[in-house]
1. Cβ-Cβ distance below 8 Å, separation of 6 or more or different chains: which pairs start in segment 228-241 with a residue that is free of Cβ contacts under 8 Å to residues at least 12 places away in the same chain and farther than 16 Å from residue 295 by Cβ and end on one that is open to solvent by 20 Å² or more (accessible area, probe 1.4 Å) and of a type in the set (Asp, Glu)?
2. Scan 208, 245, 231 and give me the residue that is at pLDDT 95 or above and either surrounded by fewer than 24 Cβ atoms within 10 Å (Cβ to Cβ) or within 16 Å of ligand 2 (Cβ to nearest atom) (or both).
3. Does segment 424-457 hold any residues that are closer than 19 Å to residue 350 by Cα and in contact (Cβ under 8 Å) with a residue 12 or more places away in the chain, and which are they?
4. Does segment 342-359 hold any residues that are aliphatic (A, V, I, L, M) and either part of a loop (DSSP other than H, G, I, E, B) or on the phi > 0 side of the Ramachandran plot (or both), and which are they?
5. Would you mind finding the one in 318, 306, 286 that is hydrophobic (A, V, I, L, M, F, W, C), near ligand 1 (Cβ under 9 Å from one of its atoms) and in contact with a strand residue (DSSP E or B) (Cβ under 6 Å, 6 or more places away or on another chain)?
6. When you go through 379, 448, 394 one by one, which is the residue that is more than 26 Å from residue 266 (Cα to Cα) and small (Gly, Ala, Ser)?
7. Looking at (1) away from ligand 2 (no atom under 16 Å from the Cβ); (2) among the charged types (D, E, K, R); (3) over 30 Å from residue 146 (Cα atoms), which is the only condition residue 265 fails?
8. Quick one: in segment 314-343, of everything that is of a type in the set (S, T, N, Q), more than 17 Å from residue 141 (Cβ to Cβ) and surrounded by 20 or more Cβ atoms within 10 Å (Cβ to Cβ), which residue is nearest to the chain's Cα centre (by Cα)?
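The values are calculated or read from the model by the stated rules, or taken from the named source; none is laboratory data. Being a predicted model, the structure only gives us computed values, none of them experimental. When we count neighbours, we look across all protein chains shown, and the Cβ atoms used for this are built from the backbone with ideal geometry, even at glycine. Side chains included, ligands, DNA and RNA excluded: accessible areas come from the protein's heavy atoms. Shrake-Rupley method; radii C 1.70, N 1.55, O 1.52, S 1.80 Å.
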Amino acid sequence: MIARVHAAARSCLILVASLAIACSDPPAPPATTSEPRDPTPRLEGLEPWSDAWILAHGESYLEDPRARREALEGSLTQPDNLYSQARLAQYGHGTRGWDALPEWSPRTLPIDRARADAIASGAPIEVPDDAPRLTDGPRPTTWREWVALGRRVFREMPLRSEPYWTTALRDPEVAARLGVEHAPDGSVPGLVLVRDVDGESRVGITCALCHSASRPGARGAHDEGWVDGRARRTLDYGLARIELARSFGRTLEPEAEARFSSWGRGRADVLEELSDVPIAIPDLYALRELRWLTQGATLRHVTPLALAVRQETQFVQANHLRTRPPRVLVWALVTFLYAIEPPPNDVQVDAEMLRGRAIFERECADCHQAPSWSGDPVALDRIGTHPELAEGHARGTGTYRPSPLVRVSDAAPYLHHGVVVDLASMLSPDRSEPGHRFGTELPIDERAALISFLGSL
Ligand code: HEC
Ligand code: HEC
């Protein structure tokens, strides 16, 4: 509780400093602590979280401002943090705030092999006047059509332009340093060419920069060797932030520069000026099963509208409050996120794993439950891991969500800030990183069995 008060006080200071808002009256606590409800009508008879049930939410997200507002309010776990306050003030008011921003459906071009080669040999960054927009086609009607459009949004719709990445397209050494990867088909997932809001052609970043990655040998529903939804743990976004500032001729405060360099690979903070806490980029394999979103459990996920509002407002904030994305594209993106499946896991179940499973049931299943192996948020003083995110003024809730464990053996480094190098260290009594001591007192053979079981998830 002390932490919460402290965080609220800090948030006031920041608000005063940056927005000149009076802070004598702290924001009122949520009116009710009851379960938020799903604002979408006519869901009877549909299996919750089935494709059909998700699809049935499209109309209320797309057409009903009140449903969007209700979903927002119902989803914010901690209305006092800056993340929540910005949204409560600006989102879902119909004709003002972020709803009044101009809708922006950019002309964008993915970087396929031919385009990557051309840019590498010096071709200009150029998006022609007649380049397509993602909204050019007919509005999807079936689940398959929505997901197909959503895949394109995930890969091709820029959150904003970031011209610095052009260097990475021209210089393989810079690309390797920043974690820009080429997919086996020669394309560069996560970077696109975009006709920017001001009409200039630039390089932009998409969801795929952080949330898709190579995985040698991956097959099945995925493009050979490339997995949508897999965290890009090679990405050094902090370094990119420093280089981006330099490329604009800006010098960062030494403190800010030190923060960004400390992020290292696979960690980012997408809240920009609100926050610079490094958070591990998560895999997006089990969204349908998660009743809480983000590692600090900032959002209740009782309705797909909660995720749609999250993504819509992420686009707004990322593009510096200049534009809002077409909701048709946001809704398509959300259906795609729900359709993402983890890469197949080929391990054979053996006796050691079954033994590990029984130990897991005994020691871990209070918090990590199938099928996502996540669960309800755990208070910071119980879990005891690094407090900065949970206590932070930007999006702190005083809790952490039990991490989903789907494909966990492929998800190192661990914990919300990505600091524990492997599963053996997670369960080691000698681990120096504090918190989450579960399993560390078990005999070594039981820990080995647990790790074996985790490898089957
Ligand atoms: C610069 C890297 C970056 C980009 C670009 C990015 N994300 Fe993320 N994403 C993150 C990080 C870091 C988190 C963890 C945030 C947290 O837990 O508080 C995250 C969390 C999420 C989550 C919550 C997952 C969970 O386990 O609850 C979803 C969903 C998500 N991102 C979707 C997207 C989509 C869709 C886009 C494109 C519109 C996108 N992200 C763009 C880095 C990024
Ligand atoms: C009291 C609830 C609780 C129990 C019991 C628990 N966990 Fe966790 N677990 C969490 C929370 C909360 C996190 C996220 C903490 C953080 O990121 O700061 C987590 C994170 C993890 C992670 C990190 C995954 C990743 O991708 O970063 C692993 C692995 C894990 N738990 C395995 C286990 C195992 C194995 C056990 C049993 C020996 C166990 N947990 C018991 C709550 C729990």
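1. Nothing qualifies.
2. The unique qualifying residue is 231.
3. Hits for segment 424-457 are 446, 447, 448, 449, 450, 451, 452, 453, 454, 455, 456, 457.
4. Listed by number, the residues that qualify are 347, 349.
5. None of the others qualify; the one that does is 318.
6. Just one listed residue meets the conditions, 448.
7. (1)
8. 317
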